[in-house]
1. More than 23 Å from I119 (Cα to Cα), open to solvent by less than 50 Å² (accessible area, probe 1.4 Å) and not in a strand (DSSP E or B): is that true of A62 in this structure?
2. Which of the residues spanning the range 180-200 are of a type in the set (D, E, K, R) and surrounded by 10 or more Cβ atoms within 10 Å (Cβ to Cβ)?
3. Please verify whether Y86 is open to solvent by 60 Å² or more (accessible area, probe 1.4 Å) and in contact (Cβ under 8 Å) with a residue 12 or more places away in the chain, treating the condition exactly as stated.
4. Is it the case that some residue within the range 43-58 is open to solvent by 50 Å² or more (accessible area, probe 1.4 Å), without any contact (Cβ under 8 Å) to a residue 40 or more places away in the chain and charged (D, E, K, R)?
5. I need the full set of residues from the range 1-19 which are part of a loop (DSSP other than H, G, I, E, B) and either of a type outside the set (A, V, I, L, M, F, W, C) or open to solvent by less than 80 Å² (accessible area, probe 1.4 Å) (or both), in order please.
6. Would you mind telling me which numbered condition in (1) within 21 Å of K92 (Cα to Cα); (2) at pLDDT below 90 A8 fails?
7. Take the residues in the range 65-86 that are assigned to a strand (DSSP E or B) and farther than 19 Å from I4 by Cβ; name whichever of them is farthest from the chain's Cα centre (by Cα).
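The values are calculated or read from the model by the stated rules, or taken from the named source; none is laboratory data. Since the model is a prediction, treat every value here as computed from it, not as a measurement. Cβ: placed from backbone, ideal geometry, glycine included. Neighbour counts: every protein chain shown. Just the protein is used for accessible areas: all its heavy atoms, side chains included, with ligands, DNA and RNA removed. Shrake-Rupley method; radii C 1.70, N 1.55, O 1.52, S 1.80 Å.
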Amino acid sequence: MKIIRLQAENIKKLTAVEIIPSDNMVEITGPNGAGKSSILDSITMALCGGKEIPQQPLKKGADKGKIIIDLGMYQITRSFTKDNSYLKIEGKDGAKISSPQKFLDELVGSISFDPLEFINREKTEQRRVLLELIGVNVDELDRQEKSLRDERVIVGRDVKRTETLAKSSTHYPEIKETKEGTIADITKKLSDAILFNRQLDSDIEDLEKLKDQAIVSRNRIEKINADITILRDEVARLESEIEGFKSLYTSEKKNL
């Protein structure tokens, strides 16, 4: 249930007020006697009625007053005269509720509480009330909190034990001196290392490209060598045929 508009006229110290919340929280401020408590009382009177309505709900000197609370689905109007009060509840569709106070009692139910009484409670009690209102199991929450606190104590002991062990241990006995560096020095070294790694990656990429090019060139050389071998064989064959023709020509010439 959420109040989307509150209007009150001539109620207690209020002459006229209208509040339309724009967020989940509304801050009510002002000097003493300005009517802050009257605003809270107006909500309580409108929703709870009965004993929550004081003997004199009207502003001094007023003959009538009213409180309107818009809940979105329902609008609650509680009107006051000097002698009596009247309650009317209308649905969003204009339908009227036949037993308005009973309807309110069921609607408000366990979420209603006295704001002033809540303010005067101890902080631990305020925490408990708020958590219970939103459906949180306070006992389970306390149990989890205690468990986390106990775990934090154990972890804290382990951290102290580890720190003591680290201080008493010499991890690098060959290092005799240490030098404290500044953030600027460490940042520069880190930046230089990043640049070096980037250049190294670029060089490796170039090297891989050269390797690929070398493989392609080697394959071309092997193909050229194979072609040369074929050509040499062809030349040798042709030279052999030429020698055969020469021998045949010389023999025929002698016969002539």
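1. Values: more than 23 Å from I119 (Cα to Cα): yes; open to solvent by less than 50 Å² (accessible area, probe 1.4 Å): yes; not in a strand (DSSP E or B): yes.
Yes.
2. Initial filter on the range 180-200 (of a type in the set (D, E, K, R)): 180, 185, 188-189, 192, 198.
Those that are of a type in the set (D, E, K, R) and surrounded by 10 or more Cβ atoms within 10 Å (Cβ to Cβ): D185, K188, K189, D192, R198.
3. Numbers: open to solvent by 60 Å² or more (accessible area, probe 1.4 Å): yes; in contact (Cβ under 8 Å) with a residue 12 or more places away in the chain: no.
Judged against the criteria, Y86 is not a match.
4. Yes, that holds for at least one residue.
5. Of everything in the range 1-19, those that are part of a loop (DSSP other than H, G, I, E, B) and either of a type outside the set (A, V, I, L, M, F, W, C) or open to solvent by less than 80 Å² (accessible area, probe 1.4 Å) (or both) turn out to be K2, I3, I4, K12, K13.
6. In the conditions (1) within 21 Å of K92 (Cα to Cα); (2) at pLDDT below 90, A8 misses (2) alone.
7. Kept after step one, since they are assigned to a strand (DSSP E or B), are these residues of the range 65-86: 65-70, 74-81, 85-86.
When the remaining residues are screened for being farther than 19 Å from I4 by Cβ, the result is 65, 79-81, 85-86.
Values: G65: 47, S79: 46, F80: 49, T81: 52, S85: 49, Y86: 48 Å.
The qualifying residue farthest from the chain's Cα centre (by Cα) is T81.
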